[in-house]
Amino acid sequence: MSARSEPETAADVTELARHALEHWGVRNAEPELLKYRENAVFRVRLADGRPAALRIHRLGYHTDAALRSELQWMGFLQSAGVATPSPVPTLAGDLFVPVGLGTSTPRQVDCLSWLEGRAVGARGVPLGYSPQRASDVFTAIGQTIARMHNAAVGWTPPPGFARHAWDFDGFFGPNPTWGHFETCPFLDDANRELVHRAHRKAVAALSRHERSARNFGLIHADLVRENVLLDGDTIEIIDFDDCGQGWHAYDLAVALYQNREEAIYPLIEASLLDGYRQERELAPQDVAALPLFSALRAFAFLGWVQSRVEGDITREAGMRISTIASGVVAAYLHGA
């Protein structure tokens, strides 16, 4: 029987979590599996009774330097007043540890403080907020994104800091960060042609788009509804797995992406941008570039589902994600 290179079932990964918790002084625990996608995420109890989130990282996605950098960035944001999880070091003081079972390849495991907020929403589920509540929530999200960008400008990363980049090569280079979109199997011929036309337009636009300290720096890069929590009126940001160098406008475009089908979308967009402007300058050219960055998110999603055809994406989910992406790309291509 050949040895598996990584856990393949929920039972496998849960056993690995039990083993990993010993590094935090916890034994005979029953971790609660919350998410098993890129990473396996568990709700656990630390030795002192505090709840925490234990993450078992996808094999080979991040180098040790990149994961350490993610945790350092989160720690800095927390100290700068942005509500994010804080890394919980092991008993030995490590930010993460490699953990394996038997002959399996060790995987990076870390632990983060627990946040009590609830997700702003879920993918594919209408928001259900009143217009006033939606305005308040998205204004606060815009303020929080701006504070994150402000904090990044004032931070000097430690030596060895390394994260991937959501720059031109990150979208259109030989090895895009989220994979190639061109051969996405969920596109029919008409949408594939549309995507290729929009791709040519986006390549030309991004190649001449301003890139400076004013509008480019460390970003979260995955501010979907599930990664933005509400705790009363406080906005909390989780899941920095994709953070890296990129255009600030990409964070805004991603935060708006899932809300395009909402009846009150114009209110949502206006509130998010107004909140951002309350904390940080947003130039007219940044707003004008939002359709471009929405299209870049669509390309990234098409690459993301392409890379998971044989993995954890069902055909139904792949079709839904690709249909939405095609609509976003069409709007960009036709200037809507």
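The values are calculated or read from the model by the stated rules, or taken from the named source; none is laboratory data. It should be emphasised that the depicted structure is a prediction, and the values quoted were computed from it without experimental measurement. As a convention, Cβ positions derive from the backbone with ideal geometry for all residues, glycine included, and neighbour counts pool all protein chains shown. These area figures cover heavy atoms from the full protein model, side chains too; ligands, DNA and RNA do not enter into them. Shrake-Rupley method; radii C 1.70, N 1.55, O 1.52, S 1.80 Å.
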Filter the strands (runs of 3 or more DSSP E) completely within segment 2-86 down to those with at least 3 residues that are surrounded by fewer than 20 Cβ atoms within 10 Å (Cβ to Cβ).
32-36
Just the residues that are touching a residue at least 12 places away in the same chain (Cβ under 8 Å) and among the polar types (S, T, N, Q), please, taken from segment 109-140.
Ser113, Ser135, Thr139
What number of residues within segment 258-281 are closer than 15 Å to Ser294 by Cα, out of contact with any Phe, Trp or Tyr (no Cβ under 7 Å at 6 or more places or on another chain) and among the polar types (S, T, N, Q)?
1
For the subset of segment 151-183 comprising residues that are among the acidic types (Asp, Glu) and open to solvent by 50 Å² or more (accessible area, probe 1.4 Å), which member is nearest to Leu218 (Cα to Cα)?
Asp169
Looking for whichever is modelled with pLDDT under 95 and either outside any strand (DSSP E or B) or on the phi > 0 side of the Ramachandran plot (or both) here; the options are His149, His196. Which one fits?
His196
Considering each of Pro176, Pro157, Pro126 in turn, give the residue that is under 22 Å from the mean Cα position of the chain (by Cα), of a type outside the set (Gly, Ala, Ser), farther than 29 Å from Ile56 by Cβ and part of a loop (DSSP other than H, G, I, E, B).
Pro126
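Residue-wise test of (1) modelled with pLDDT under 90; (2) closer than 30 Å to Gln72 by Cα.
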site: Gly179; (1), (2): yes, yes
site: Pro185; (1), (2): yes, no
site: Ser207; (1), (2): no, no
site: Arg214; (1), (2): no, yes
site: Gly217; (1), (2): no, yes
Run Gly318 past the list (1) open to solvent by 20 Å² or more (accessible area, probe 1.4 Å); (2) modelled with pLDDT under 90 and report the number of the one that doesn't hold.
(1)
For segment 171-196, pairs from a residue that is more than 18 Å from Thr314 (Cα to Cα) and touching a residue at least 24 places away in the same chain (Cβ under 8 Å) to a residue that is in a loop (DSSP other than H, G, I, E, B) and of a type in the set (A, V, I, L, M), with Cβ under 8 Å and 6 or more apart or across chains, are Val195/Leu187
Count of residues meeting criterion [within 20 Å of the chain's Cα centre (by Cα), among the hydroxyl-bearing types (Ser, Thr, Tyr) and open to solvent by 10 Å² or more (accessible area, probe 1.4 Å)] in segment 238-271:
1
So for segment 305-313 (the condition being free of Cβ contacts under 8 Å to residues at least 24 places away in the same chain and under 22 Å from Gly128 (Cβ atoms)), does at least one residue qualify?
no
